[in-house]
Amino acid sequence: MRYKSCLFLVLLICQFSVSAQAQSQSPKPNVLFLFADDQRADALGAAGNPYIRTPHLDQLAQEGSRFTNAYVMGGNHGAVCMASRAMLMSGQNLFKVYDKLKDVHTMPMAFAEAGYATYGTGKWHNEKEAFEASFQQAKNVYLGGMANHYSIPLRDYGADGKLGAPTQKSYSTEVFAQTAIDFIKQHKATQKDKPFFCYVAFTVPHDPYSPEASFIDYYPDGSLPLPGNYMPYHPFEFDQLTVRDENLTGWPRKPETIQMILSDYYSLITHLDQQIGKIIATLKETGQYENTIIVYAADNGLAAGSHGLLGKQSLYEHSTKVPLIIKGPGVPKEQELDAFAYIHDIYPTLAQLAGLPKKEKLDGKSLVPVIQGQAEGVRESLFTSYRMTVRAVRDGQYKLLRYPERDYTQLFDLAHDPQELNNLAEKPEMAAKKQELIQLLEQWQNKTGDTVRWTAPKIKPMQYDPDTLNPLRKPDQWQPEYVLKRYFGVN
């Protein structure tokens, strides 16, 4: 009996040793990060939008998990995407990093330290030095915000590992997709035993709304319905109403012009979807699809006619909520998850999925417990911020927005009013809920280090004359001929 027990113990130890050895030799998953610019969460077929065509992204969502409550925390100025990308890359909240990444430890750095080949292409709207410190390899990198999609200045790494002088290239979406395809093929041929982290940051569907030539009129003008919360004007002034995107059309926002914007906006996204399909096809052709974690997300949302706004410089759902899809090893298929997620949760989530050492100082939380069914969420509420002018907090059903400079509050029941049209803030029966959310907002401010007061020292008027905005409207230097003719009447 003693002999049999010893033999059993030896066999058990051998089996465990072989299992552990096999586990340690199993290949690490690649990571392909696809990042859109200014795509609102509902501009996606998988999100239930019956008008837009995004078959490849829909398929990605079907083969993975999609978060229905993913948000950007906000921004410290009109270029919200700068803060968003800083949060994404650092895993830190808005008040820790704002829009700066220089000398910050970033997500690609963590993957490089874990033995990954890191590669970047596309838009980088933070410091040049931060990009060079973050990626080992790079090609066709755009250092900036807005750009003419048809003629974008792009940089490559030189022999010194620094980004060189910019050269003009063709349509941005196709350039970035082809750059990713070339990298995937080259990596398979030369570094197949080393996992990769490939970051592809597109410049669409950001303004200018100038689709690639073959996609112009893909959605004919007038064929798309107006947003359910379309308004000709925003009902009150709360910030700079002529900031950036808001100048694409005049006031009042004419229904037919908003439909034109949506036609171009959706065309940009459908073309992007087509190019992403080509990247995914390359992963499959090279035998790397099954062992690649693919993330699709966007830096922020966009109004595109909702609430009388066009841009992302507000805290309404259309401007803060983003698409988030994760597919790959360790991620169940056909999942829709309503847990609250931030863009800065993606870094710790990918790190855990890829087996990287845990970083204790990240503000973002790993979503892996939610993805793998071990938890319903990683937070019970969510806080957003824009400049010094708006703060918002939401729980599972209600959302409170506060405008300190106007001494004004909004309260929406998102379960019954997802379009944020019926303000309940002054309803007597909502007083308790309003107070509860006020306290929750204060807790978030204390937690994040936000010092904006509930009411500003000087109160500004909410009323404004939209007619005074039209003379301030003019095209910027990035608008191509298509946009100048279509939206500004320039011949």
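The values are calculated or read from the model by the stated rules, or taken from the named source; none is laboratory data. Remember, it's a predicted structure, so these values are computed and weren't measured experimentally. Neighbour counts are summed over all protein chains in view; Cβ atoms, including those assigned to glycine, are modelled from backbone coordinates with ideal geometry.
Below are the figures for this structure:
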| read-out | value |
| --- | --- |
| Residue selected from segment 225-258 under the condition without any contact (Cβ under 8 Å) to a residue 60 or more places away in the chain and buried (at least 16 other Cβ atoms within 10 Å of the Cβ), by the criterion farthest from the chain's Cα centre (by Cα) | ARG253 |
| Candidate set from segment 37-78 (those that are surrounded by fewer than 21 Cβ atoms within 10 Å (Cβ to Cβ), of a type outside the set (S, T, N, Q) and out of contact with any helix residue (DSSP H, G or I) (no Cβ under 6 Å at 6 or more places or on another chain)); member that is nearest to ASP363 (Cα to Cα) | HIS77 |
| Residue in segment 338-357 that is acidic (Asp, Glu), surrounded by 16 or more Cβ atoms within 10 Å (Cβ to Cβ) and farther than 22 Å from LYS28 by Cβ present | no |
| Failed item, numbered, when ASP207 is tested on (1) under 26 Å from the mean Cα position of the chain (by Cα); (2) not in a loop (DSSP other than H, G, I, E, B) | (2) |
| Top-ranked residue in segment 117-129 [being in contact with a helix residue (DSSP H, G or I) (Cβ under 8 Å, 6 or more places away or on another chain) and outside any strand (DSSP E or B); ranked as surrounded by the most Cβ atoms within 10 Å (Cβ to Cβ)] | ASN126 |
| Members of segment 351-376 found to be outside any loop (DSSP other than H, G, I, E, B) and among the hydrophobic types (A, V, I, L, M, F, W, C), listed by number | ALA351, LEU353, VAL368, VAL370, ILE371 |
| Whichever residue in segment 165-200 is more than 27 Å from the chain's Cα centre (by Cα) and part of a loop (DSSP other than H, G, I, E, B) and, among such residues, is farthest from LEU350 (Cα to Cα) | ALA165 |
| Single condition GLU436 does not satisfy, out of (1) surrounded by 12 or more Cβ atoms within 10 Å (Cβ to Cβ); (2) free of Cβ contacts under 8 Å to residues at least 24 places away in the same chain; (3) acidic (Asp, Glu); (4) not assigned by TED's automatic domain parsing to the domain that holds ARG406 | (4) |
| Subset tally (residues that are closer than 16 Å to THR257 by Cβ and either β-branched (Val, Ile, Thr) or outside any loop (DSSP other than H, G, I, E, B) (or both)) for segment 290-316 | 1 |
| Residue tally, condition over 25 Å from ALA43 (Cβ atoms) and either outside the structural domain of TYR347 (by TED's automatic domain parsing) or not in a helix (DSSP H, G or I) (or both), over segment 77-111 | 11 |
| Strands (runs of 3 or more DSSP E) contained in segment 377-491 and holding at least 3 residues hydroxyl-bearing (Ser, Thr, Tyr) and closer than 23 Å to ALA79 by Cα | 382-386 |
